[in-house]
1. Over region 193-308, average the accessible area per residue using a 1.4 Å probe and give it in Å², no decimals.
2. Accessible area of the chain with a 1.4 Å probe: how many percent of it is carbon plus sulfur?
3. For the chain, take every pair of Cα atoms, bin their distances at 10 Å starting from 0, and report each bin as a whole percent.
4. Compute the Kirkwood hydrodynamic radius of region 130-278, taking the inverse of the mean of 1/r over all pairs of distinct Cα atoms, and give it in Å to one decimal.
5. What percentage of all Cα-Cα pairs in region 105-165 are separated by more than 18 Å?
6. List the relative contact order of the chain as a percent without decimals, with contacts defined as Cα pairs under 8 Å and 6+ residues apart.
7. With every protein chain present, what is the per residue accessible area of region 124-189 (1.4 Å probe, Å²)?
8. How about region 67-150: which trypsin sites (Lys or Arg not before Pro) there lie in a loop by DSSP and see at most 13 other Cβ atoms within 10 Å?
Amino acid sequence: MTSVVGPAPSSATWARGAGLLAAVGALAVAVFLSVTIGSRDVGIDDVVAALGGSTEGFDRAAVATRLPRTLLAVLAGAALAVSGAVMQGVTRNPLADPGILGVNMGASLAVVTGLVFFSLSSATSYLWVAISGAGVTAVFVYAVGSLGRGGASPLKLALAGAATSAALVSFVSAVALPRSDLAGGIRSWLVGGVGGATFERTSMILPFLIVGGALCLASARSLNSLALGDDLAAGLGERVALVRATSALGAVVLCGAVTAVAGPIGFVGLVVPHVFRLLVGVDHRWLLPYCAVGGAVLLTVADVAGRIVARPAEIDVGIITALLGAPFFIAIVRRRRVSAL
(Lines give C-alpha, C1' and ligand atoms only; values in the text may rest on other atoms or scores of the structure.)
Protein backbone atom coordinates (compact mmCIF):
# COMPACT_ATOMS: atom_id res chain seq x y z
CA MET A 1 0.00 0.00 0.00
CA THR A 2 1.49 3.30 -1.08
CA SER A 3 0.90 6.45 0.94
CA VAL A 4 1.00 9.85 -0.64
CA VAL A 5 3.27 12.04 1.44
CA GLY A 6 4.61 15.45 0.49
CA PRO A 7 8.29 16.18 0.43
CA ALA A 8 9.92 16.49 3.83
CA PRO A 9 10.72 20.01 4.92
CA SER A 10 14.32 20.94 4.23
CA SER A 11 16.78 21.90 6.92
CA ALA A 12 16.56 25.51 5.73
CA THR A 13 12.79 25.45 6.28
CA TRP A 14 13.22 24.08 9.78
CA ALA A 15 15.86 26.72 10.52
CA ARG A 16 13.61 29.50 9.29
CA GLY A 17 10.71 28.17 11.35
CA ALA A 18 12.89 27.98 14.45
CA GLY A 19 14.16 31.48 13.80
CA LEU A 20 10.62 32.80 13.52
CA LEU A 21 9.72 31.19 16.84
CA ALA A 22 12.80 32.79 18.39
CA ALA A 23 11.69 36.17 17.03
CA VAL A 24 8.25 35.65 18.59
CA GLY A 25 10.00 34.89 21.88
CA ALA A 26 11.95 38.14 21.56
CA LEU A 27 8.67 39.96 20.97
CA ALA A 28 7.23 38.46 24.15
CA VAL A 29 10.24 39.77 26.08
CA ALA A 30 9.88 43.21 24.49
CA VAL A 31 6.18 43.31 25.40
CA PHE A 32 7.00 42.40 29.01
CA LEU A 33 9.63 45.15 29.21
CA SER A 34 7.22 47.67 27.68
CA VAL A 35 4.57 46.90 30.30
CA THR A 36 6.91 46.92 33.30
CA ILE A 37 9.39 49.72 32.48
CA GLY A 38 8.62 53.43 32.48
CA SER A 39 8.92 56.47 34.68
CA ARG A 40 8.19 53.99 37.46
CA ASP A 41 9.00 50.29 37.17
CA VAL A 42 6.33 47.84 38.24
CA GLY A 43 6.32 44.20 39.34
CA ILE A 44 4.80 41.09 37.84
CA ASP A 45 2.05 41.01 40.47
CA ASP A 46 0.87 44.47 39.38
CA VAL A 47 0.86 43.34 35.74
CA VAL A 48 -1.23 40.29 36.59
CA ALA A 49 -3.64 42.40 38.67
CA ALA A 50 -4.00 44.98 35.89
CA LEU A 51 -4.70 42.23 33.37
CA GLY A 52 -7.43 41.07 35.72
CA GLY A 53 -9.06 44.50 35.57
CA SER A 54 -7.74 46.02 38.81
CA THR A 55 -6.45 49.60 38.53
CA GLU A 56 -6.17 50.37 42.24
CA GLY A 57 -2.85 51.93 43.11
CA PHE A 58 -0.35 53.88 41.05
CA ASP A 59 1.56 50.86 39.75
CA ARG A 60 -1.51 49.05 38.49
CA ALA A 61 -2.85 52.24 36.92
CA ALA A 62 0.51 52.66 35.15
CA VAL A 63 0.27 49.14 33.78
CA ALA A 64 -3.29 49.83 32.58
CA THR A 65 -2.03 52.80 30.53
CA ARG A 66 0.96 50.90 29.15
CA LEU A 67 -1.03 47.94 27.83
CA PRO A 68 -2.76 49.80 24.96
CA ARG A 69 0.47 51.69 24.27
CA THR A 70 2.35 48.41 23.94
CA LEU A 71 -0.34 46.93 21.69
CA LEU A 72 -0.16 49.96 19.39
CA ALA A 73 3.66 49.75 19.24
CA VAL A 74 3.44 46.06 18.28
CA LEU A 75 0.82 46.62 15.58
CA ALA A 76 2.44 49.79 14.20
CA GLY A 77 5.91 48.25 14.07
CA ALA A 78 4.63 45.14 12.30
CA ALA A 79 2.60 47.16 9.80
CA LEU A 80 5.41 49.58 8.94
CA ALA A 81 7.99 46.81 8.50
CA VAL A 82 5.73 44.76 6.22
CA SER A 83 4.80 47.90 4.29
CA GLY A 84 8.46 48.74 3.75
CA ALA A 85 9.32 45.20 2.62
CA VAL A 86 6.47 45.20 0.11
CA MET A 87 7.40 48.65 -1.22
CA GLN A 88 10.96 47.42 -1.75
CA GLY A 89 9.64 44.37 -3.57
CA VAL A 90 7.18 46.28 -5.76
CA THR A 91 9.69 48.93 -6.82
CA ARG A 92 12.75 46.63 -6.69
CA ASN A 93 14.28 49.51 -4.75
CA PRO A 94 16.27 48.66 -1.59
CA LEU A 95 15.89 52.27 -0.41
CA ALA A 96 12.09 52.17 -0.42
CA ASP A 97 10.39 52.96 2.86
CA PRO A 98 7.11 54.74 3.74
CA GLY A 99 9.09 57.60 5.23
CA ILE A 100 11.80 57.92 2.59
CA LEU A 101 9.28 57.78 -0.26
CA GLY A 102 7.17 60.47 1.42
CA VAL A 103 4.11 58.24 1.82
CA ASN A 104 3.84 58.89 5.55
CA MET A 105 4.04 62.65 5.04
CA GLY A 106 1.36 62.43 2.35
CA ALA A 107 -0.92 60.79 4.89
CA SER A 108 0.04 63.43 7.45
CA LEU A 109 -0.73 66.33 5.12
CA ALA A 110 -4.12 64.82 4.27
CA VAL A 111 -5.01 64.47 7.97
CA VAL A 112 -3.81 67.98 8.87
CA THR A 113 -5.66 69.49 5.91
CA GLY A 114 -8.84 67.68 6.86
CA LEU A 115 -8.48 68.74 10.48
CA VAL A 116 -7.82 72.41 9.75
CA PHE A 117 -10.11 73.09 6.80
CA PHE A 118 -12.83 70.49 7.19
CA SER A 119 -12.93 70.08 10.98
CA LEU A 120 -12.57 66.31 10.91
CA SER A 121 -13.74 64.85 14.19
CA SER A 122 -14.55 61.22 13.43
CA ALA A 123 -11.74 58.77 14.10
CA THR A 124 -12.78 56.74 11.07
CA SER A 125 -12.56 59.81 8.85
CA TYR A 126 -8.93 60.30 9.95
CA LEU A 127 -8.16 56.80 8.75
CA TRP A 128 -9.78 57.14 5.34
CA VAL A 129 -8.20 60.54 4.76
CA ALA A 130 -4.75 59.30 5.81
CA ILE A 131 -4.94 56.24 3.55
CA SER A 132 -6.10 58.39 0.63
CA GLY A 133 -3.25 60.85 1.17
CA ALA A 134 -0.73 58.01 1.38
CA GLY A 135 -2.05 56.48 -1.84
CA VAL A 136 -1.96 59.71 -3.83
CA THR A 137 1.58 60.43 -2.65
CA ALA A 138 2.78 56.92 -3.50
CA VAL A 139 1.44 57.23 -7.05
CA PHE A 140 2.94 60.70 -7.46
CA VAL A 141 6.41 59.69 -6.24
CA TYR A 142 6.47 56.59 -8.44
CA ALA A 143 5.35 58.64 -11.47
CA VAL A 144 8.02 61.29 -10.89
CA GLY A 145 10.70 58.67 -10.25
CA SER A 146 9.78 56.90 -13.49
CA LEU A 147 10.40 59.93 -15.69
CA GLY A 148 13.38 59.98 -18.00
CA ARG A 149 15.66 57.24 -19.25
CA GLY A 150 15.89 54.03 -17.27
CA GLY A 151 12.48 54.29 -15.63
CA ALA A 152 12.05 54.09 -11.87
CA SER A 153 15.61 53.52 -10.70
CA PRO A 154 16.31 53.24 -6.95
CA LEU A 155 18.19 56.54 -6.86
CA LYS A 156 15.50 58.45 -8.77
CA LEU A 157 12.75 57.08 -6.54
CA ALA A 158 14.71 57.95 -3.40
CA LEU A 159 15.35 61.49 -4.65
CA ALA A 160 11.73 61.94 -5.74
CA GLY A 161 10.54 60.68 -2.37
CA ALA A 162 12.92 62.89 -0.40
CA ALA A 163 11.96 65.98 -2.40
CA THR A 164 8.26 65.21 -2.08
CA SER A 165 8.59 64.58 1.65
CA ALA A 166 10.40 67.90 2.17
CA ALA A 167 7.73 69.74 0.20
CA LEU A 168 4.95 68.06 2.17
CA VAL A 169 6.56 69.01 5.48
CA SER A 170 6.49 72.64 4.35
CA PHE A 171 2.86 72.33 3.31
CA VAL A 172 1.94 70.84 6.68
CA SER A 173 3.61 73.75 8.47
CA ALA A 174 1.89 76.28 6.21
CA VAL A 175 -1.49 74.69 6.89
CA ALA A 176 -1.05 74.24 10.64
CA LEU A 177 0.74 77.42 11.75
CA PRO A 178 -2.21 79.82 11.28
CA ARG A 179 -4.24 77.65 13.64
CA SER A 180 -2.56 78.34 16.97
CA ASP A 181 -5.17 76.23 18.75
CA LEU A 182 -4.12 73.14 16.80
CA ALA A 183 -0.47 73.77 15.93
CA GLY A 184 0.96 72.44 19.20
CA GLY A 185 -0.89 69.14 18.99
CA ILE A 186 -0.07 68.75 15.31
CA ARG A 187 3.65 69.29 15.89
CA SER A 188 3.66 66.67 18.64
CA TRP A 189 1.79 64.19 16.43
CA LEU A 190 4.16 64.80 13.51
CA VAL A 191 7.10 63.56 15.59
CA GLY A 192 5.52 60.10 15.67
CA GLY A 193 4.77 58.21 18.85
CA VAL A 194 2.58 55.70 20.63
CA GLY A 195 2.04 57.61 23.86
CA GLY A 196 -1.56 58.26 24.81
CA ALA A 197 -2.77 55.16 23.01
CA THR A 198 -6.09 53.63 24.02
CA PHE A 199 -7.66 50.29 23.23
CA GLU A 200 -10.43 52.15 21.41
CA ARG A 201 -8.05 53.95 19.04
CA THR A 202 -5.99 50.82 18.49
CA SER A 203 -9.00 48.61 17.77
CA MET A 204 -10.16 51.24 15.28
CA ILE A 205 -7.20 50.58 12.97
CA LEU A 206 -7.21 46.80 13.42
CA PRO A 207 -9.58 46.03 10.49
CA PHE A 208 -7.44 48.17 8.16
CA LEU A 209 -4.27 46.42 9.31
CA ILE A 210 -5.87 43.02 8.76
CA VAL A 211 -6.94 43.93 5.22
CA GLY A 212 -3.61 45.54 4.34
CA GLY A 213 -1.63 42.68 5.83
CA ALA A 214 -3.74 40.10 4.00
CA LEU A 215 -3.17 41.85 0.67
CA CYS A 216 0.58 41.93 1.28
CA LEU A 217 0.83 38.30 2.38
CA ALA A 218 -1.33 37.15 -0.54
CA SER A 219 1.14 38.86 -2.88
CA ALA A 220 4.24 37.27 -1.33
CA ARG A 221 4.77 34.58 -3.98
CA SER A 222 4.13 37.04 -6.80
CA LEU A 223 6.65 39.50 -5.33
CA ASN A 224 9.26 36.78 -5.68
CA SER A 225 8.47 36.65 -9.39
CA LEU A 226 8.61 40.45 -9.74
CA ALA A 227 12.16 40.36 -8.39
CA LEU A 228 13.16 38.56 -11.62
CA GLY A 229 11.91 41.45 -13.75
CA ASP A 230 8.56 42.24 -15.32
CA ASP A 231 9.18 40.25 -18.49
CA LEU A 232 10.19 37.07 -16.68
CA ALA A 233 7.36 37.49 -14.17
CA ALA A 234 4.86 37.77 -17.03
CA GLY A 235 6.43 34.71 -18.63
CA LEU A 236 5.81 32.81 -15.40
CA GLY A 237 2.13 33.65 -15.62
CA GLU A 238 2.01 36.64 -13.30
CA ARG A 239 -0.30 39.54 -14.07
CA VAL A 240 2.36 42.10 -13.31
CA ALA A 241 0.20 45.22 -13.20
CA LEU A 242 -2.40 43.56 -10.97
CA VAL A 243 0.24 42.16 -8.60
CA ARG A 244 1.96 45.51 -8.31
CA ALA A 245 -1.32 47.35 -7.71
CA THR A 246 -2.60 44.84 -5.13
CA SER A 247 0.59 44.67 -3.10
CA ALA A 248 1.10 48.42 -3.26
CA LEU A 249 -2.47 48.95 -2.06
CA GLY A 250 -1.80 46.68 0.91
CA ALA A 251 1.37 48.60 1.79
CA VAL A 252 -0.40 51.97 1.50
CA VAL A 253 -3.28 50.82 3.72
CA LEU A 254 -0.85 49.63 6.37
CA CYS A 255 1.26 52.78 6.57
CA GLY A 256 -1.72 55.12 6.16
CA ALA A 257 -3.64 53.51 9.02
CA VAL A 258 -0.63 53.62 11.33
CA THR A 259 0.13 57.24 10.45
CA ALA A 260 -3.44 58.28 11.23
CA VAL A 261 -3.04 57.10 14.83
CA ALA A 262 0.68 57.25 15.63
CA GLY A 263 1.98 59.93 13.26
CA PRO A 264 4.71 59.52 10.63
CA ILE A 265 7.20 57.08 12.17
CA GLY A 266 10.14 56.60 9.84
CA PHE A 267 12.86 54.05 9.05
CA VAL A 268 11.16 50.96 10.52
CA GLY A 269 10.22 49.87 6.99
CA LEU A 270 13.81 50.38 5.85
CA VAL A 271 15.84 48.79 8.63
CA VAL A 272 13.82 45.67 9.40
CA PRO A 273 13.48 44.23 5.84
CA HIS A 274 17.20 44.72 5.20
CA VAL A 275 18.19 42.94 8.41
CA PHE A 276 15.94 39.94 7.81
CA ARG A 277 16.75 39.75 4.11
CA LEU A 278 20.33 39.05 5.18
CA LEU A 279 19.15 36.41 7.66
CA VAL A 280 16.41 34.52 5.81
CA GLY A 281 16.90 35.47 2.18
CA VAL A 282 14.67 37.17 -0.36
CA ASP A 283 11.69 34.79 -0.32
CA HIS A 284 8.79 37.08 0.63
CA ARG A 285 6.79 34.12 1.95
CA TRP A 286 9.25 34.05 4.84
CA LEU A 287 10.47 37.64 4.73
CA LEU A 288 7.07 39.23 5.40
CA PRO A 289 6.27 37.22 8.57
CA TYR A 290 9.77 37.85 9.85
CA CYS A 291 9.39 41.57 9.15
CA ALA A 292 6.05 41.67 10.98
CA VAL A 293 7.58 40.21 14.14
CA GLY A 294 10.86 42.10 13.80
CA GLY A 295 9.13 45.43 13.23
CA ALA A 296 6.99 44.87 16.31
CA VAL A 297 10.11 44.12 18.36
CA LEU A 298 12.00 47.15 17.04
CA LEU A 299 9.25 49.69 17.69
CA THR A 300 8.40 48.25 21.11
CA VAL A 301 12.04 48.28 22.22
CA ALA A 302 12.51 51.80 20.79
CA ASP A 303 9.52 52.97 22.82
CA VAL A 304 11.02 51.43 25.98
CA ALA A 305 14.37 53.07 25.21
CA GLY A 306 12.66 56.45 24.87
CA ARG A 307 11.24 56.07 28.37
CA ILE A 308 14.58 55.03 29.90
CA VAL A 309 16.98 57.61 28.48
CA ALA A 310 14.90 60.64 29.48
CA ARG A 311 13.39 59.58 32.80
CA PRO A 312 11.08 60.83 34.23
CA ALA A 313 10.19 62.40 30.84
CA GLU A 314 9.97 60.49 27.57
CA ILE A 315 11.38 60.70 24.04
CA ASP A 316 8.85 59.91 21.32
CA VAL A 317 9.52 56.69 19.48
CA GLY A 318 9.70 58.53 16.15
CA ILE A 319 12.87 60.27 17.34
CA ILE A 320 14.45 57.00 18.48
CA THR A 321 13.76 55.25 15.16
CA ALA A 322 15.20 58.24 13.28
CA LEU A 323 18.40 58.08 15.36
CA LEU A 324 18.70 54.37 14.54
CA GLY A 325 17.57 54.53 10.93
CA ALA A 326 19.44 57.54 9.58
CA PRO A 327 22.94 55.97 9.94
CA PHE A 328 21.54 52.73 8.52
CA PHE A 329 20.22 54.58 5.47
CA ILE A 330 23.58 56.28 4.92
CA ALA A 331 25.37 52.94 5.18
CA ILE A 332 23.07 51.38 2.55
CA VAL A 333 23.62 54.29 0.15
CA ARG A 334 27.40 54.15 0.61
CA ARG A 335 27.49 50.39 0.06
CA ARG A 336 25.46 50.65 -3.14
CA ARG A 337 27.70 53.44 -4.44
CA VAL A 338 30.81 51.35 -3.78
CA SER A 339 29.31 48.27 -5.44
CA ALA A 340 28.42 50.37 -8.49
CA LEU A 341 32.02 51.53 -9.00
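The values are calculated or read from the model by the stated rules, or taken from the named source; none is laboratory data. Predicted model only: the values in this text are computed from it and were never measured. As a convention, Cβ positions derive from the backbone with ideal geometry for all residues, glycine included, and neighbour counts pool all protein chains shown. With ligands, DNA and RNA removed, areas are computed over all heavy atoms of the protein, side chains included. Shrake-Rupley method; radii C 1.70, N 1.55, O 1.52, S 1.80 Å.
1. Numbers: 4450 Å² over 116 residues.
Per residue, region 193-308 has 38 Å² of solvent-accessible surface.
2. Looking at the chain in its full context, I get 69 percent from C and S.
3. 6, 25, 33, 23, 10, 3, 1, 0, 0
4. Details: mean 1/r = 0.0573 Å⁻¹.
Evaluated over region 130-278, this radius sits at 17.4 Å.
5. Considering region 105-165, 42 percent of its Cα-Cα pairs are separated by more than 18 Å.
6. Relative contact order, the chain: 29 percent.
7. Details: 3560 Å² over 66 residues.
Spelled out: the 1.4 Å probe surface of region 124-189, per residue, equals 54 Å².
8. Values: sites: 69, 92, 149; in loops: 92, 149.
Here the sparse-neighbourhood loop sites are 149.
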